[in-house]
Amino acid sequence: EKGGYAWFMQKEIAEQPRALADTLLGRVDESGRLSLDEMRLSDDELREIDKIVVIACGTAYHAGLVAKYAIEHWTRIPCEVELASEFRYRDPILDRQTLVVAVSQSGETMDLLMALRHAREQGSRVLAICNTNGSTIPRESDAVLYTHAGPEVAVASTKGFLTQLVACYLVALYLGQVRGTKWGDEVTAVVRDLAAMPEKVEKVLEAMEPVRELARSLVDARSVLFLGRHVGYPVALEGALKLKELAYIHAEGFAAGELKHGPIALIEDGLPVIVVAPSPRGRSLLHDKVVSNIQEVRARGARTIVIAEEGDEAVVPYADHLVRVPASPVLLQPLLTTVPLQEFACELAAAKGFDVDQPRNLAKSVTVE
Ligand code: M6R
């Protein structure tokens, strides 16, 4: 049932191109426009929304952090992202014009369920993004957009995460289309870009042997830092979470711009620092800044592992290890840059002899608050 892989996690990482394609399937009409009829929210209801709040836990929360960039860019609706476990304890401001997006692979996470119940009590409409048909969270929501990742067995979420990203992009684009923001017209082009992503993920997967080798060389690491900016920041957080939960190594993700405000003090000789480099196109200012960050940590002794787009030559002199991903539109880059971090954590945990699919102290779905 593991399809020749030693671990479900490896199988699920490999299934990601398929899972992405399945999640896009049937959601684009012949003219290249999105149709999300299954969502059960009318266009009028969607036009009334003046605020979006994404709530989720763990990896799904990281998908929510990426969603914020996409939602605000494509819809111009203000968007907040919050950990579901914190949400209802701070008396959040919610009303009928607020769309709450609840993201969950399992559909059974208790923290999220309690948060969405709270949102509905305040009159907000809740849209669930979920991978499990008929589970509690979509049943208790006003609307649902299913991800089609197929069953995810490993405790560490992989294809669940990538398909959540796709669902978030679809929601953002659909809202842009319905509300006719300036991006509405561009939906077709972005949908085309999205359709090209499964093949690009496949390319990333084909080039993973050096990442696995690197992971095996780091079994004795005590701590690993992850840096990113813009949508690369949630990817850094996700990479760190994977390493914590699977390899039990202290790992932290930072927004690279925050380095000088504190974390740079942690850099010491030999410390592995994984950097998610932003696309050199589009927001090149940001790219230059991250290149400086790589230079800064390396000058202080860090061993730099850089994930960068093909053709990004500026990072080459400062990367002790370079992992290439295909070029992609800025907002879609997390679909590619996350994959090496999943492989890295999986291989490192396996090399340490740990149970990759069932890490200690963790459960696949967390049904208590
Ligand atoms: O089923 P959910 O998406 O609601 O689960 C949320 C988190 O518990 C989950 O993502 C957890 O962080 C994973 N173990 C991450 O790999």
Inset, instruction - Once you have the Cα-Cα distance between Asp269 and Glu296, take 0.36 nm times their residue separation minus that, and quote the gain in nm to one decimal. - result: 8.4 nm
Inset, instruction - Work through the residues other than Thr304 whose Cβ is under 9 Å from its Cβ and net out their charges, Lys, Arg +1 and Asp, Glu -1. - result: +1
Inset, instruction - Please list the radius of gyration and Dmax for region 232-369, considering alpha-carbon atoms only, with Å as the unit. - result: 15.6, 48
Inset, instruction - Report Cys130's accessible area, 1.4 Å probe, all protein chains in place, as a number in Å² to the nearest 10. - result: 0 Å²
Inset, instruction - Treat each spin label as a single point 7 Å out from the Cα along the C-beta direction, and report the Lys364 to Arg281 distance in nm. - result: 4.0 nm
Inset, instruction - Would you kindly find the accessible area of Arg298, with a 1.4 Å probe and non-protein molecules such as ligands, DNA and RNA excluded, rounding to the nearest 10 Å²? - result: 90 Å²
Legend entry - Positive minus negative residues near Glu347 (Lys, Arg vs Asp, Glu; Cβ under 13 Å): +1
Inset, instruction - In whole Å, largest first, what are the principal axis extents of the Cα atoms in region 160-218? - result: 51, 18, 16
Legend entry - Table column - 3J(HN,Hα) (Hz), region 59-68, Karplus curve with 6.51, -1.76, 1.60, x for Gly and Pro: 4, 4, 5, 5, 4, x, 5, 5, 4, 4
Legend entry - Highest-first arrangement of 142-149, 304-311, where packing means the average Cβ count within 10 Å: 142-149, 304-311
Legend entry - By average C-beta atoms within 10 angstrom, highest first, the peptides 23-31, 2-10: 2-10, 23-31
Inset, instruction - With a Förster radius of 30 Å, plug the Cβ-Cβ distance of Ala6 and Ala196 into 1/(1 + (r/R0)^6) and report the FRET value to the nearest 0.05. - result: 0.45
Inset, instruction - List the pair-distance distribution P(r) of region 103-148, using every Cα-Cα distance, as the percent of pairs falling in each 10 Å bin from 0 up to the bin containing the longest distance, rounded to whole percents. - result: 33, 58, 9, 0
Legend entry - Debye log10 I(q)/I(0) for region 212-289, one point scatterer per Cα, at q = 0.13, 0.18 Å⁻¹: -0.41, -0.75
Legend entry - Kirkwood Rh and Cα Rg combined as Rg over Rh, evaluated for the chain: 0.95
Inset, instruction - Run a plain Debye calculation on region 6-45 (Cα atoms as equal point scatterers, no solvent) and give log10 I(q)/I(0) at q = 0.16, 0.23, 0.24, 0.35 Å⁻¹, rounded to two decimals, same order as the q list. - result: -0.59, -0.80, -0.83, -1.08
Legend entry - For region 108-210, projected area of the alpha-carbon convex hull averaged over all directions, nm²: 8.8 nm²
Legend entry - Residues of region 27-56 with amide N under 18 Å of the 7 Å Cα→Cβ point at Arg117: 55-56
Legend entry - Cα point-scatterer Debye curve for region 1-145, base-10 log of I(q)/I(0) at q = 0.09, 0.10, 0.19 Å⁻¹: -0.30, -0.37, -1.21
Inset, instruction - Compute from the Cα atoms of region 63-171 the Rg and the Dmax, the latter being the longest Cα-Cα distance, and quote both in angstrom. - result: 13.2, 37
Inset, instruction - Starting from the Cα of Lys11, draw a straight line to each of the lysines and keep only those under 30 Å, dropping any in the same chain fewer than 8 residues away. - result: Lys2, Lys68, Lys159, Lys200, Lys203, Lys242, Lys244, Lys352, Lys364
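The values are calculated or read from the model by the stated rules, or taken from the named source; none is laboratory data. On a predicted model such as this, the values are computed, not experimentally measured, just so you know. Note that each Cβ is placed from the backbone with ideal geometry, even for glycine, and that neighbours are counted across all protein chains shown. Areas reflect the complete protein model, heavy atoms only, side chains present, ligands, DNA and RNA absent. Shrake-Rupley method; radii C 1.70, N 1.55, O 1.52, S 1.80 Å.
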